[in-house]
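Working notes for the structure below.
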Amino acid sequence: MKTQELFSILEQNQDKSLLFEYIPNAFVGANYHITEVKHITINSVDCGAQTDNWNETIIQLWESPSEIGKTDFMSVYKALGILNKVGKMKPYDLNAEVKFEYSNKTFHTAQLFVNDFTIESNKLIIKLSVEQTDCKAKEACGVTDQKKELVTNDEPCCTPNGNCC
């Protein structure tokens, strides 16, 4: 989801509570805070020696240990106020992919993609997901779709003497 799309959804639902589902049926606790917003520029080189660059907006969620047991979730209105304040200090790239950074005692720290959202009565639920890593240079590295065929190459793509980079 792009940053602009997230903001549009938030603007249209300011009267609701804001919940984050980080895995199916598991939600960030009501004691969460928005603790950081990162405006990231990625400049990369993949294993096929191709360069790329893009921007990301990463919003960090943190559960306050002093508010364990809290049952009222942050309102969309409050979250939007925080995000708008950030935007006045450091402008957003509204076309940037937006991710949420989160962890808890049983869930590893991850940058989660926004998969979808739902509205249930007075709640806006942002559905997050972990995306699998992938090889961007499959053709250059001779990688095929593993579901169709396993690669049987004596020289793997990204070894020091491999056939790419």
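Could you work out how much longer the chain between Asn122 and Ala26 gets when fully extended? Use 0.36 nm per residue separation minus the Cα distance between them, nm to one decimal.
Once the chain is fully extended between Asn122 and Ala26, it gains 32.7 nm.
Expressed as a whole number of Å, what is the distance separating the alpha-carbon centroids of region 61-92 and region 12-53?
Taking the Cα centre of each part, region 12-53 and region 61-92 sit 13 Å apart.
For a quick check: with amide H placed at 1.01 Å from N, whose amide H comes under 5 Å from Leu112's, ignoring anything fewer than 5 positions away on the same chain?
Phe100, Glu101, Tyr102
Counting Lys +1, Arg +1, Asp -1, Glu -1, what net charge surrounds Ser44 among other residues with beta carbon under 14 Å of its beta carbon?
So the surrounding residues net to -4.
Where does the chain land at 222 nm, in deg cm²/dmol rounded to the nearest 500, when only DSSP H runs of n ≥ 4 count, each adding -39500 (n - 2.57), divided by all residues? Don't skip to the answer; put the middle values down first.
On the way: 3 runs with 28 residues, N = 165.
It comes out at -5000 deg cm²/dmol, rounded to the nearest 500.
Mind checking the per residue accessible area of region 1-132 for me, 1.4 Å probe, whole number of Å²?
Normalised by residue count, the accessible surface of region 1-132 is 57 Å².
Kindly provide log₁₀ I(q)/I(0) values, in the same order as q = 0.15, 0.17 Å⁻¹, from the Debye equation applied to equal alpha-carbon scatterers of the chain.
Those come out to -0.88, -1.03, one per q.
Can you pull the percent of the chain's accessible area that's carbon plus sulfur, 1.4 Å probe, other chains left in place?
49
Sum up the lysine pairs in region 22-103 that clear both bars: alpha-carbon distance under 18 Å and a spacing of 8 or more or different chains.
7
On the first, second and third principal axes, largest extent first, how far apart are the outermost C-alpha atoms of region 65-131 in Å?
Over region 65-131, Cα extents along the principal axes are 34, 28, 28 Å.
For region 1-80, what's the radius of gyration and Dmax over Cα atoms, in angstrom?
16.2, 50
If you restrict to DSSP beta bridges whose two residues both lie in the chain, what percentage is antiparallel, to the nearest 5?
75
Evaluate E = 1/(1 + (r/R0)^6) for Asp93 and Lys138, where r is the Cβ-Cβ distance and R0 equals 30 Å; express this FRET efficiency to the nearest 0.05. Don't skip to the answer; put the middle values down first.
On the way: r = 28 Å, r/R0 = 0.93.
For Asp93 and Lys138, the calculated efficiency is 0.60.
Take Ser8, project a point 7 Å from its Cα along the Cβ direction, then tell me which residues of region 78-104 have their backbone nitrogen under 12 Å from it.
Within reach of a label on Ser8: 95.
Label Ser44 and Lys105 with points 7 Å out from Cα along Cα→Cβ: what is the distance between them in nm?
Result for the modelled spin labels: 3.4 nm.
Using amide H atoms built 1.01 Å from N in the peptide plane, name the residues 5+ places from Gly48, or on other chains, whose amide H lies under 5 Å from its own.
Amide H neighbours of Gly48: Ala137.
Step through the residues of region 34-48 one at a time and calculate ³J(HN,Hα) from phi using the Karplus curve (6.51 cos²θ - 1.76 cosθ + 1.60, θ = phi - 60°), rounding each to whole Hz and writing x for Gly and Pro.
8, 9, 6, 10, 10, 9, 10, 10, 9, 10, 10, 10, 8, 6, x
Filter the trypsin sites (Lys or Arg not before Pro) in region 74-131 to those in DSSP coil with at most 13 other Cβ atoms within 10 Å of their Cβ, and list the result.
Details: sites: Lys78, Lys85, Lys88, Lys99, Lys105, Lys123, Lys127; in loops: Lys105.
Here the sparse-neighbourhood loop sites are Lys105.
The values are calculated or read from the model by the stated rules, or taken from the named source; none is laboratory data. Quick caveat: nothing in here was measured; it's all calculated off a predicted structure. Note that we place each Cβ from the backbone using ideal geometry, even for glycine, and neighbour counts take in every protein chain shown. Ligands, DNA and RNA are excluded from the accessible area calculation, which covers all protein heavy atoms including side chains. Shrake-Rupley method; radii C 1.70, N 1.55, O 1.52, S 1.80 Å.
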